[in-house]
Structures are given as structure tokens and as C-alpha cells.
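Data first, discussion second: the structure below is written as C-alpha cells.
The values are calculated or read from the model by the stated rules, or taken from the named source; none is laboratory data. The structure displayed is predicted, hence computed values, not measured ones. FYI the Cβ positions are ideal-geometry reconstructions off the backbone, even for glycines, and counts take in every protein chain you see. For the accessible areas, the whole protein counts, side chains as well, though only heavy atoms, and no ligand, DNA or RNA atoms are used. Shrake-Rupley method; radii C 1.70, N 1.55, O 1.52, S 1.80 Å.
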Amino acid sequence: MGLIVLEGLDGSGKSTQLPLLEEELRRRGPVRTVSFPDYSSPSSALVKMYLSGEFGDRPGDVNAYAAGAFYAVDRYASFKKDWQRDYDKGITILAGRYATSNMIYQMEKLPRPLWEEYISWVEDFEYVKLGLPRPHRVIFLDMPLAAAQKLLAKRYEESGGKKDLHERDLRYLESCAQCARFAAEKLRWRVVDCASGGEPLGIDEIHRRVVSALD
């Protein structure tokens, strides 16, 4: 099936839905799952510095093209070192986030009239100049921000972790949600509604909708 991307804002349930989607894909053939950023790799060093606030306290302190390049280089290293051979063999690659994330999180830093230009830049830089494969399908988990914040709060309460530069800026995340809808419409992503009445749907119901979007 090529490259399948599961996208969504922070707290949308990607980490829960990714293994469920992998299990579904394994019923259909070989699959390899990758996630971005690859925090275990040295290639993510600039991403970690950015998210920890070493370049500034706000997301906008690093412009859309510089931050986009940080993430793109991490994806390039992952592709060349880890999964290019499997992809070339025809094994399905399932990615948690991808170049599409730049269209959500970095495009927000630009005025709306420049959003289409930024999408074109991402596609040219990552898919053409860096040679990364284009997704065959992008599935976007559309979780309302208020519901996502509840899930994030629960996650960090259980893990004891701290929110990164993106997660703690609600205004920024609201703007990212607008970018996601813009990109989804322009690039024909499959959008999965993950809440009803402002409350997250059950894990099984979201999974059913993800599989439906896949097919």
C-alpha cells in the first residue's frame, strides 16, 4: 500500500491509534511502522533543542522554514538509515507524523496568503530535493482542542512528563488546527472526526473510522 501517514494535533490519540492501525495492516501484508520525530536518533538534535525552548520561548521564535528543515533532516536520516530498503521492497510503511506535520505546525507561523506557497515548499523540499517518498494516503485525526487537552493532561499526569514548546501554547495549537483543515482540504487528506459533543469518542470507534478512511 506504499506509505500511509497518521496525522493529528497533540493529544489527538495518534499514539493509541498507530499500533491498532499497524495490526490492521498486518492482516493485509508486511508493514513497517516509523514515528517522527525520531527522538532516539542524533538526527533529531535540532528538533529537541527547538521544542525544549533553546532557540526561544515561543514557537514563532524559529521561522517556518528553519524549523521545517529541522524536522525534514530528521525524516531524511530515518529514511536513509532505517526504512528505505523496506519501502523499495514494496513493504507498507506506516508513519506516525511525516512531512505533513510541517504543514500543520510550521505553516501557522506564516500569514494565511502564504500557506499554499509553504505547502508547495514542503513538497518540493522533502519529496523532490531530499527524495523522501510521497504519502499514498494521509489520515488526519480531527480531535477538538478542548478534548485533546484533556487527553494530554491525563497523559502527563500518568507519565510525569512536561509539555513541550508546542503543547503549552493553546493559541498556537488553535491556529495549527486551522492550518490542518486547510492542508487537509487542499491535499485531500482523509479526515476522521474523533469526538462527539466535545468529548472524545471511544478508542474502538475511532479505530473503526480510521480503517474506513484507509479503505
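Conditions (1) open to solvent by 50 Å² or more (accessible area, probe 1.4 Å); (2) within 15 Å of E126 (Cβ to Cβ), marked per residue:
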| position | (1), (2) |
| --- | --- |
| P19 | yes, no |
| G53 | no, no |
| D57 | yes, no |
| A95 | no, yes |
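Go through (1) among the small types (G, A, S); (2) assigned to a helix (DSSP H, G or I); (3) open to solvent by 20 Å² or more (accessible area, probe 1.4 Å); (4) in contact (Cβ under 8 Å) with a residue 40 or more places away in the chain one by one and return the number of the condition S101 breaks.
Here S101 clears every test but (3).
When region 177-210 is examined, which residues are found to be open to solvent by less than 70 Å² (accessible area, probe 1.4 Å) and in a loop (DSSP other than H, G, I, E, B)?
W189, C194, G198, L201, G202
Which ones in region 129-151 are in a loop (DSSP other than H, G, I, E, B) and open to solvent by 60 Å² or more (accessible area, probe 1.4 Å)?
If the condition is that a residue be in a loop (DSSP other than H, G, I, E, B) and open to solvent by 60 Å² or more (accessible area, probe 1.4 Å), then R134, H136 are the ones that fit.
Can you tell me how many residues in region 72-107 are over 14 Å from the mean Cα position of the chain (by Cα) and closer than 22 Å to S44 by Cβ?
Of the residues in region 72-107, 14 are over 14 Å from the mean Cα position of the chain (by Cα) and closer than 22 Å to S44 by Cβ.
Go through region 33-42 and give me each residue that's of a type in the set (S, T, Y) and either more than 17 Å from the chain's Cα centre (by Cα) or open to solvent by 70 Å² or more (accessible area, probe 1.4 Å) (or both).
Y39, S40, S41
Identify, from the list L9, L51, the residue that is more than 19 Å from P135 (Cα to Cα) and at pLDDT below 95.
None of the other options fit; the residue is L51.
What tally of residues in region 179-215 results from selecting those that are closer than 12 Å to I104 by Cα and in contact (Cβ under 8 Å) with a residue 40 or more places away in the chain?
Qualifying residue count for the region: 5.
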